[in-house]
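Input: a single structure, listed below in structure tokens.
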Amino acid sequence: MSQSSPSLDETLRALLKRHLSDAEVYAKRGRSRRLERTPFTETSSTSQERAWAVRAGNRRDSFFVAATGDPIPAGPWPEPIPGHALELPEPAPVPAWNPPSDFDTPLIGEREGLRLLESLGRELEAELPKARLLRAVLEDGSSEAELASSRGLRSVTRSRISTLYLEAAGPGRPAVSASLYVAAREPRRFHPTALARRLADRLAVSAAGAPPERDTGEFLLAPGVASRMLAGLVPLLVGPGPGSRLTSARGRFGSDRVTLIDNGRFPGGAFEAPVDGEGVPTREVVLVEEGQFRQPLLAWWQEGAAHGEASGCTRRPGWRDLPTPGPTHLYLRPEPRTPVATLLGAVSQGYYLIDATGPGRFDLAADRFALPVCGFAVEAGRASAPVARAWLCGGIGTFLKGIVGVGRDLTFQPLDGMIGSPTLLVTGLELRAGAE
């Protein structure tokens, strides 16, 4: 493991002199560039950040404090809060990991970034004449985090992430609108033509489509829809216990096409890292294998409370945040030999849902969900009519057990962590004009 900076070690020693049995010092440095373009304005700004956080205490009492700048060993430090226990992980060997080369890529320049945003507007109009890009926001950042604890754990990690928010309006009056939020490790991975096509499809379908009153059939769910469905299931997959709610007596969680994986080291992933937010080694963990529930995502302190091994899944989104378990790159394993066209051709009568148009409603206790969607009605493998302002509804267990086909087009969405799915062919659900 890497050596921490002298300021972290000095702060750690000062905390331990206060007769605290456990202490952890976390420091983060980062820089970012934000570019925004509207039909009338272009803005650019850069920022730099230095901040730290401390957890200290024992099995009975502890405190958490965070601030900008560098930690000051002398404090002042708050008094521990009774009843707030603190336990810290022991050091563990970190498997070999080579930092991706694009961690060293400079932040996107102002001119290059604004050209990217401008090109998105041109591509959108090319895909759908008279469509307009109302707002485009690109945020590009990199950071380095250091951690040192009284248990002897030391880590230094780097991260690189870019996000892009797009808001567009279609032709005609009143004009329909659509938005899109995507993330990648660095902005050169954003493909303007593909993003513009996705926005144009949303706008065109929303303008011309209508919802069915109520219908069933076969449903082809594009990655944007399928990923939203998986994001709604995250509470079932994190921590001991919840996954059993939808698991049968034989351990079946979904159809044999369902293999769910979380991997903090996913190659090329936006959050790829050798250790998690507490310095615990990350790894690939299979949560569901061919429909059988294997284990939930477990933080190191949850190991033993459920079947399975710790996953290195503690996230620390920012220096103000306490570490909490959650997915990093959670995805449904794709089928490399199955193109989307093959799945579409298999739909005799049903729907091809190309995007989710908002957040879903998931009642895990009642085993029900409703997700706003748009897409096309399909007959004999061909689109027959646009569909908009519709809700995909049904049982969560029915969705998982009704997955009969999986494509090869794995795509990640920035939701609760990075959530990924290929196109899915599902049976047993309903499409309605309303959520109820």
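Under a model in which nothing but the beta-carbon of Lys, Arg (+1) and Asp, Glu (-1) is charged, the chain shows a dipole of about 340 debye around its Cα centre. Of all the options A204, A131, A74, the one that moves most in a Gaussian network model of the chain with Cα springs shorter than 10 angstrom is A74.
So, with a 1.4 angstrom probe, what is the percent of accessible area on the chain that is carbon and sulfur?
Values: 9800 of 19770 Å².
Here carbon and sulfur together make up 50 percent of the probe-accessible area.
For region 164-181, backbone phi angles converted through the Karplus equation (6.51, -1.76, 1.60; θ = phi - 60°) give residue-by-residue couplings of 9, 10, 10, 10, 9, 10, x, x, x, 9, x, 7, 7, 10, 8, 10, 8, 10 Hz, Gly and Pro being listed as x.
How would you classify region 43-102 from its alpha-carbon gyration tensor, with a ≥ b ≥ c the square roots of the eigenvalues: rounded for a/c under 1.5, else prolate if a/b is greater than b/c, otherwise oblate? Don't jump to the answer; show the numbers that get you there.
Working: a/c = 2.89, a/b = 1.28, b/c = 2.25.
Verdict is oblate for region 43-102.
Which order do the peptides 32-39, 277-284 take when ranked by the mean count of other beta-carbon atoms within 10 Å per residue, highest first? Could the numbers behind the result be given before it?
On the way: 32-39: 17.8, 277-284: 22.9.
Per-residue Cβ counts within 10 Å, averaged per peptide and sorted highest first, yield 277-284, 32-39.
Full extension of the chain between H19 and D409 gives 134.9 nm of extra length, using 0.36 nm per residue less the Cα-Cα distance.
Considering only G172, P95, G30, the residue lying farthest towards the positive end of the dipole of the chain is G172, judged by Cα position with unit charges set on Cβ. One compactness figure for region 363-436 is 1.20, namely its Cα radius of gyration divided by 2.2 N^0.38 Å.
Straight Cα distances below 15 angstrom link K17 to the aspartates and glutamates D9, E79, with same-chain residues fewer than 8 positions distant left out. Computed from phi, the 3J(HN,Hα) profile of region 65-82 under the Karplus parametrisation 6.51, -1.76, 1.60 (θ = phi - 60°) reads 9, 8, 6, 7, x, 10, x, 9, x, 6, x, x, 10, x, 6, x, 8, x Hz, with x in place of Gly and Pro.
Got the relative contact order for region 282-436 handy, in percent, Cα pairs under 8 Å and 6 or more residues apart? Present the calculation step by step, with values, prior to reporting the outcome.
Working: 309 pairs, mean separation 31.1, N = 155.
Reported as a whole number, the value is 20 percent.
Rolling a 1.4 Å probe over the heavy atoms of the protein chains gives region 316-436 an accessible area of 40 Å² per residue. Under a Gaussian network description of the chain, with springs only between Cα atoms under 10 Å, the residue in P71, P235, P414 that fluctuates furthest is P235.
Going by the alpha-carbon gyration tensor, a ≥ b ≥ c the square roots of its eigenvalues, is region 281-436 rounded (a/c under 1.5) or, if a/c is not under 1.5, prolate (a/b greater than b/c) versus oblate? Judged from the Cα gyration tensor, region 281-436 comes out prolate (a/c at least 1.5, a/b above b/c).
For region 1-118, the solvent-accessible area of protein heavy atoms averages 59 Å² per residue (probe radius 1.4 Å; ligands and nucleic acids excluded). Across the alpha-carbon atoms of region 86-206, the computed radius of gyration and Dmax are 20.2, 64 angstrom.
Under the convention that each Lys and Arg Cβ holds +1 and each Asp and Glu Cβ holds -1, the size of the dipole of region 59-120 around its Cα centre is about 140 debye.
Helices in the chain that qualify as membrane-span-like (whole DSSP H runs, Cα extent of at least 18 Å along the helix axis, mean Kyte-Doolittle hydropathy of -1.0 or higher) are 110-127, 192-208.
The value of relative contact order for region 255-361, using C-alpha pairs under 8 Å at least six residues apart, is 26 percent.
Overall, the ratio between the Cα radius of gyration of the chain and 2.2 N^0.38 Å, rounded to two decimals, is 1.07.
The values are calculated or read from the model by the stated rules, or taken from the named source; none is laboratory data. The structure presented is a predicted model; accordingly, all values stated were derived computationally and were not measured. Cβ: placed from backbone, ideal geometry, glycine included. Neighbour counts: every protein chain shown. These area figures cover heavy atoms from the full protein model, side chains too; ligands, DNA and RNA do not enter into them. Shrake-Rupley method; radii C 1.70, N 1.55, O 1.52, S 1.80 Å.
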